[in-house]
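Each value in this text was obtained by applying a stated rule to the coordinates, not by laboratory testing. Quick caveat: nothing in here was measured; it's all calculated off a predicted structure. Every residue, glycine among them, receives a Cβ derived from its backbone with ideal geometry; neighbour counts consider all protein chains shown.
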Amino acid sequence: MNRPDTSVEIAGIKLRNPVMTASGTFGYGQEFAEYMDLEKIGAIITKGLSLRPKAGNRTPRIVETKGGMLNAIGLQNVGVDAFIREKAPYLRTINTPVIANIYGNSLDEYRQVAHLLDTVPEVAGMEVNISCPNVKEGGIVFGTDPKAAFEVVRQVREATIKPVIVKLSPNVTDIVAMARACADAGADALSLINTLTGMAIDLQKRRPVLANVTGGLSGPAIKPVALRMVWQVSRAIELPIIGIGGIMTATDALEFLLAGATAVQVGTANFLDPAASQKVAEGIEHYLAENGIADVKELIGALRV
């Protein structure tokens with residue numbers, strides 16, 4: 001048979017295959033160029049960008065756990081102005097869509113970052129991280145309050161004509177309610193899930209391992225939770241979904257497609273193997289060819305329940 005079609009589309013962004021890199025695990029793209037071919041994956045998602053540069057949390061801020069890792073990096077980044085000035089020129093040289101992950105500590109900051117990136121040609125779309133403390137509202141997290149989530153997505157939607165993807169937190173009672181609020185506010189697609197809140201303890205010191213006490217759990221340990229949430233949301237919301245959570249191999253990625261995801265993000269695996277995302281993409285194509293499947297889109301949402 002002919003080479004299978006691995007292409008998919010997310011909110012008007014055309015991807016050569018369903019594999020993206022997860023924000024915070026792939027730098028700004030150029031850092032991985034010596035380890036893999038950046039034009040063999042579907043899209044690159046940058047580290048989260050804020051209005052001003054951010055140093056992040058005190059160390060230690062990352063620790064390996066059984067089946068995963070905890071991180072409390074604290075959204076360290078160069079800031080949106082430095083990204084446009086220093087990082088975007090390189091991204092112009094590669095033929096792979098770049099999606100900028102953005103966040104803010106207030107509605108106004110989200111809006112400003114989106115506005116600044118709106119005219120940057122190297123940015124194909126924005127992924128809005130709503131799992132950040134809303135400082136002006138007394139510590140509420142945008143990602144756990146449907147009304148707050150609706151408002152931040154609405155602000156970003158008004159500030160840009162580019163596709164808006166919203167990254168959902170799993171630390172909620174009802175993931176579908178959060179997804180629906182974002183859809184109602186104008187989101188073009190949804191990414192899920194972000195990390196689960198966890199902690200690690202040093203028995204000898206009787207202290208938390210992370211300086212921040214808690215952190216975000218990622219890796220294979222969270223995959224069953226992520227699959228369940230992707231499946232739930234895909235059945236309830238008519239938006240493209242990007243599946244995230246413990247994707248280490250092509251098999252993992254294909255399971256997310258069956259559950260209803262149109263694309264996937266590879267995150268923690270990048271720390272173990274900097275070429276992981278390319279290998280997942282190649283594995284998907286191999287699976288399609290080996291099983292006589294002409295188009296990867298045949299698998300999306302094809303779970304038999």
The chain, Gaussian network, Cα under 10 Å: of Ile62, Ile284, Ile45, the residue fluctuating most is Ile62
Percent antiparallel among DSSP beta bridges confined to the stretch 180-296, rounded to 5, stands at 50 percent
Once normalised by the length of the stretch 101-213, the mean sequence separation of its alpha carbon contacts under 8 Å that are 6 or more apart gives a contact order in percent of 23 percent
Expected sort for 29-37, 10-18 on mean C-beta neighbours within 10 Å, highest first, is 10-18, 29-37
Listed by chain and number, the lysines with an alpha carbon less than 27 angstrom from that of Lys14, same-chain partners under 8 positions apart left out, are Lys40, Lys47, Lys87, Lys162, Lys167, Lys223, Lys279, Lys297
Compactness summary of the stretch 1-138: radius of gyration and Dmax from Cα atoms, Å, are 16.2, 59
With only helices counted (DSSP H, runs n ≥ 4, each -39500 (n - 2.57)), the per-residue ellipticity at 222 nm for the chain, to the nearest 500, works out to -8000 deg cm²/dmol
Mean separation of Cα contacts under 8 Å (at least 6 apart) over the residue count of the chain, i.e. the relative contact order in percent, is 21 percent
Placing +1 on each Lys and Arg Cβ and -1 on each Asp and Glu Cβ in the chain, then taking the dipole about the Cα centre, the residue among Val172, Leu91, Leu210 whose Cα reaches farthest towards the positive end is Leu210
Measuring from its Cα centre, the chain shows a charge dipole (+1 at each Lys and Arg Cβ, -1 at each Asp and Glu Cβ) which, in debye to the nearest 20, is 840 debye
With +1 on the Cβ of every Lys and Arg and -1 on the Cβ of every Asp and Glu, the dipole magnitude of the stretch 151-305 about its Cα centre, in debye rounded to the nearest 20, is 620 debye
Note on the stretch 176-305: alpha-carbon gyration tensor, axes a ≥ b ≥ c; rule is a/c under 1.5 for rounded, else prolate if a/b larger than b/c, else oblate; result oblate
Within the under-14-Å Cβ sphere about Val172, not counting Val172, Lys/Arg +1 and Asp/Glu -1 give a net charge of +2
The extension gain from Arg85 to Gln30, computed as 0.36 nm times the residue separation minus the Cα-Cα distance, is 18.4 nm
The stretch 204-285: relative contact order from alpha carbon pairs under 8 Å, six or more residues apart, as a whole percent, is 28 percent
Measuring from its Cα centre, the stretch 1-160 shows a charge dipole (+1 at each Lys and Arg Cβ, -1 at each Asp and Glu Cβ) which, in debye to the nearest 20, is 220 debye
